[in-house]
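This report refers to the structure that appears directly beneath it.
What follows draws every value from the coordinates through simple rules; no lab data is involved. The shown structure was predicted, so the numbers you read here are calculated from the model rather than taken from an experiment. Cβ atoms come from the backbone with ideal geometry, glycine included; neighbour counts cover every protein chain shown.
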């Protein structure tokens, strides 16, 4: 867990007219060097996580008496831990656990926060005032602290962790969605729609939403990376995933007593977190570049 | 900056703080196990109904939640955060001991990270897309991605093996006891915190600098024949400074609640450690107290950042339009 | 067709009450084109918004084909939408960047139950043809069109509901010089073929003179002079209209070198604190004492169909 | 004699598909005390020409050939440090949008004074000349203006400040990049009058970029009309408006409604669109849209020839033109 939280402010401008109608978004991300690297990294992690589900390698919980704290070998590619468990299998299962928490928490935050932000920005008035006050209050807690307090209140377990992270990220999505909605709401093409007698729901869903999805997409990538760091950090502190279940944060915590001699116990779980966060940030950068009018060349 | 604006902001801040108190109260009342169970452990199971009721009355747990909130909130206003059930020490005393450690850690991390971040951010932005930009950005991304617990763990292990020095052994030396002794304990954890911080500052500086560098007034400045150094510092960096200062202020606020892992790994008796102990021992007066304090500090820091922002930017200083 | 009586639109801001439009009256007959001229802050764009019910007036009445714009709701409002439409200044900003042109036009037809399916496709083709665009433009996105083409699409969209009145808010200001003529010619021919009534809003006196039957000049939320196009543009009476006439550069060096060289001093005052008396008096070259205290009414002039708000004409 | 002389200037801008020629061989000279209007539509290369003179082209764009002489000295052959001292010192520029052209965090006085100091004017002298410059552009109470931040000033006042800053060092050449486009007409009139006054007072050579032929008619002594990165026609203002020698200038002029017409017919249109700079035709770039084109026009690009008072890049002399009625 770091104090770093991606800036929630709309560093991303609402969908630029210039970019619309060009190649589809996924293709533009892949055309961006950063985006491509990010997609490859995250794709690889996702494959590893899926592989762990079907136990392609070893059982992450099985204790091999033959070798405790054994270095990487043919039998155990990434070595074994203090109980003789296969690190490769545990890292794969840890990645799965991390991604599960990240995906569920960010999905919750995006849907709830995004919806509240779009609605309050579009409707204005009392709804906007109430949502605004609520997000202000949630923003008053440093993110890490809020996640911790919520986990303390909700108890352990991956779903509770996901809920805690979702609560932290919801107000960020409210702001990320609301800002561009305010801009798009006042844009001339929405005004034109009003003059043409379009209903509010048509304006909201057909004209406003598609044009604010871009900054939300960028934020999703950044939120996922923060969620992975937070989940690992909570587990490291003993407040997330509980032993003996594999978790990247727990594995690092366990390795403390054996590092640097049994370096593999720390390196591989740490590497998995770093790769996930780098990959997601690169995807975020790629998205931003793909959506930013200023980077579109003539 | 008008008095009316200040009054409005202070009122808004008071409202936010009240909301914070409500959230803290509501969330932490849901902590598993009530105070009595926490205090008496397994003995609680042997209590009779009468004994339990008497205890509940003693701790004020039989009142309605609203009454309980106002009792608690009234205590807050008198500076009473309750008593640690575990140790019997008033929470304010515990926080009073822990707060300076965390603040020092945060300040030290800032002092290290901000100059590095700004410098490298400028370097990267001075020729966007170039090799220097690419490498600075790469290192920055790594700085963001390296989890604090990994950096902290590796640092402790490295100190132990290379210098036979264990920062987590021995007792905490405060700044008042010995300056050098204190610095020896605080420097490494601050460095660990500075890694992610410097990367954040670098990224913000880079984008703010690029944004400012593309402004029309920068072209005007060059058109006047100013030296490149003056254009960069007096015009570009000065304008980029506003978002940078804002971001640094907010990061400082985050740090107050984000030193947990480092305090834990380096065994520093700061707020994070206090909070963590509170959670592990279900000592919820401590958890409430620390959460509330950090949130309040965060709100105040944000307010200060906003004031600084208004001082830096003449456009927000006055309301009249024309000279 | 349009009847505006003492319409006002005030906004509350931190600087006080901004009187964007402050008691404006005019009438536009069916088939007629009225030009609304003025500098930024005079209230001409706010007037446009009032007419199409994007904003509601603070005071006064606005009737469009008998519909009270201030109070229109439900079916009445829908009838208003189909009677009066707006063409925006910036054709780029006024088109949804993520929709193909055909989809943008078809949506209007669907919302007003005018055509669906194959009929809509046919109608979209007709609309594009009406504004001089090939049907293939329908498959494009706004950014793939030139400025002139986009503005034609903007006009086609407004025409999709078969309105009888178009409010044209600076429709050629954002276009290149050579494209302006094309769009102006299109507006003239559409007016003739569809019998449209126009309210043409512009700061360009030359374009207003070219298109309009009558011209009204606005200053700080008020109409200061109104009359036939040749009266107002070639023989202005109000000192502000005269100053505007002198200020607008025309593409003719002979005319330009014959100018007095006298320039209007000062700037448009803050609409939150308009000057007392005649609003133009601080900049007026011929202001007298009563101009500083008494606001001149908009009075009919002896030369026929002309109104001027000045004590000194 | 000419103070500013641009000789065969070429400029390119980098794109994904290689370098795009935006200025393709421009030659132009301006005498002291003369205003030359550079007219063109968007994409014609007029702003790139202006920015080339100052050496302020945006990232990705560069001058790829030619010479820019000021008092006989080629600015393009100077080292960067020398080039800098010419900016503001001998060649100054005013910009299109006065709202963004000034640094919002510095007082107006500080922004003018730093330009003076960059050229060695220091201390009390810099202060005195700052106030004098503000006074010269007709702003009341110079001390108060000098202490103001830009956001306190109106658009017209800011443009006056930009002009004051540009002229504080008494440059010989002033490049004006559409400085009145963003202003209201009555304010535009004031700025036009001010620049004209200063031109006379300081014997300035002014290059005035605009798309507004009315502004040109009011202020310019000579006019150069740009099309697709080249000068289609350059002529004294009166001659150009009376008898344009290039079909593009003629068509542009015809498309503007006359202020004296009593019968309002359709405006003559040019039709078509400017050529794509990535795929320029081999011949005259205006040929596809030209009402006067002849068979040879599509084969080779015409070089400027002297005809009447004008230099025109057209093969077809005015006498051979078919009139608009016949063509239309």
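When DSSP beta bridges are limited to those with both residues in the protein assembly as shown, what percentage is antiparallel, rounded to the nearest 5?
60 percent
Let me confirm one metric for peptide C:89-100, namely the mean number of other chain beta-carbon atoms within 10 Å of its residues' beta-carbons.
Mean shielding count: 6.
What residue among A:79, A:124, A:197 shows peak mean-square fluctuation when chain A is described by a Gaussian network model with Cα springs under 10 Å?
Its mean-square fluctuation being the largest, the pick is A:197.
Arranged from highest to lowest average of other beta-carbon atoms within 10 Å per residue, in what order do the peptides A:141-149, D:82-90 appear?
A:141-149, D:82-90
What distance in nm separates the simple spin-label points at residue A:245 and residue D:31, each placed 7 Å from Cα in the Cβ direction?
8.9 nm
So what's segment C:122-268 giving for Cα Rg divided by 2.2 N^0.38 Å, two decimals?
So the Cα radius of gyration is 1.22 times the expected 2.2 N^0.38 Å.
Given q = 0.09, 0.14 Å⁻¹, what are the Debye log10 I(q)/I(0) values for chain B, with equal point scatterers placed on the Cα positions and solvent ignored?
So the normalised log intensities are -0.64, -1.17.
First measure r as the distance between the Cβ atoms of residue C:29 and residue C:78, then evaluate 1/(1 + (r/R0)^6) with R0 = 22 Å and state the FRET efficiency to the nearest 0.05.
0.35
Expressed as an acute angle from 0 to 90° and rounded to the nearest 10, what is the orientation of the C-alpha long axis of helix A:125-139 relative to the principal long axis of chain A?
Approximately 30 degrees, to the nearest 10.
Nearest 500 deg cm²/dmol is fine: what mean residue ellipticity at 222 nm does chain A get from its DSSP H runs of n ≥ 4 alone, each adding -39,500 (n - 2.57), divided by its residue count?
Only helices count here, giving -22000 deg cm²/dmol.
What does the helix-only formula give at 222 nm for chain D: each DSSP H stretch with n ≥ 4 adding -39500 (n - 2.57), the total divided by the residues, and the result rounded to the nearest 500 deg cm²/dmol?
-9000 deg cm²/dmol
If you line up the long axis of helix A:209-236 against the longest principal axis of chain A, both from Cα atoms, how many degrees apart are they, to the nearest 10?
20 degrees
Which residue fluctuates most in the GNM of chain D (Cα springs below 10 Å): D:56, D:204, D:240?
Taking springs between Cα atoms under 10 Å, the residue moving most is D:56.
Using only the alpha-carbon atoms of segment C:198-300, report the extent along each of the three principal axes, biggest first, to the nearest angstrom.
Taking max minus min along each principal axis of the Cα atoms, segment C:198-300 gives 39, 34, 25 Å.
Per the helix-only calculation at 222 nm, which mean residue ellipticity applies to chain C, given -39500 (n - 2.57) for every DSSP H run of n ≥ 4 and division by its residues, nearest 500 deg cm²/dmol? Please report the intermediate quantities before stating the final value.
Numbers: 11 runs with 106 residues, N = 313.
Taking each H run of at least 4 residues, the total per residue is -10000 deg cm²/dmol.
Expressed as an acute angle from 0 to 90° and rounded to the nearest 10, what is the orientation of the C-alpha long axis of helix C:177-194 relative to the principal long axis of chain C?
70 degrees
Applying 1/(1 + (r/R0)^6) with R0 = 35 Å to the Cβ-Cβ distance of residue D:303 and residue A:183, what FRET efficiency is obtained, to the nearest 0.05?
Numbers: r = 50 Å, r/R0 = 1.42.
Result of the calculation: an efficiency of 0.10.
I want to verify a result. In a Gaussian network model of chain B, Cα cutoff 10 Å, which of these has the top mean-square fluctuation: B:121, B:257, B:138?
B:138
Once you put a point 7 Å from the Cα of residue D:14 and another 7 Å from the Cα of residue B:227, both along the Cβ direction, what distance in nm separates them?
Placing both labels 7 Å along Cα→Cβ, they lie 2.8 nm apart.
Could you work out how far apart the two model spin labels at residue B:134 and residue B:49 are, taking each label as a point 7 Å from the Cα in the direction of the beta carbon, and quote it in nm?
Label-label distance for residue B:134 and residue B:49, simple model: 7.8 nm.
Looking only at other chains, what is the average number of their beta-carbon atoms within 10 angstrom of each beta-carbon in A:227-238?
Taking all residues of A:227-238 together, the mean is 4.
Over the protein assembly as shown, consider all pairs of different Cα atoms and compute the Kirkwood hydrodynamic radius from their mean reciprocal separation; express it in Å, one decimal.
34.9 Å
Please give the contour-minus-distance gain from residue C:68 to residue C:122: 0.36 nm per residue of separation, less the Cα-Cα distance, rounded to one decimal in nm.
Fully extending the segment from residue C:68 to residue C:122 adds 16.0 nm.
Where does segment A:69-165 land on Rg/Rh, using Cα atoms and the Kirkwood Rh?
Values: Rg = 20.2 Å, Rh = 16.5 Å.
For segment A:69-165, the value is 1.22.
Which percent, nearest 5, of DSSP beta bridges in segment D:2-220 are antiparallel?
Here the antiparallel bridges make up roughly 60 percent for segment D:2-220.
Determine how many Å³ per residue the convex hull of the Cα atoms of segment D:2-220 encloses. Can you show the working numbers first?
On the way: hull volume 27.3 nm³, N = 219.
Once divided by residue count, the hull of segment D:2-220 is 125 Å³.
Taking every residue in D:268-275, how many Cβ atoms of other protein chains lie within 10 Å of its Cβ, on average?
4
Going by Cα centres, segment C:219-265 and segment D:98-169 are how many Å apart?
After rounding, the separation between the Cα centres reads 32 Å.
Between residue B:309 and residue A:126, what FRET efficiency comes out of the Förster formula 1/(1 + (r/R0)^6) with R0 = 30 Å and r the beta carbon distance, rounded to 0.05? Show your work: numbers first, answer last.
Details: r = 29 Å, r/R0 = 0.96.
With R0 = 30 Å, the Cβ-Cβ based efficiency is 0.55.
Kirkwood hydrodynamic radius for segment C:2-308: how many Å is it when counted over pairs of different Cα atoms?
On the way: mean 1/r = 0.0486 Å⁻¹.
Evaluated over segment C:2-308, this radius sits at 20.6 Å.
If packing is taken as the average count of other Cβ atoms within 10 Å, what order do B:75-83, C:146-154, A:88-96 fall into, highest mean first?
A:88-96, C:146-154, B:75-83
With both partners inside segment C:2-308, how many of the DSSP beta bridges are antiparallel, as a percent to the nearest 5? List each step's numbers first, then the result.
On the way: 27 of 45 bridges.
Antiparallel: roughly 60 percent of the beta bridges in segment C:2-308.
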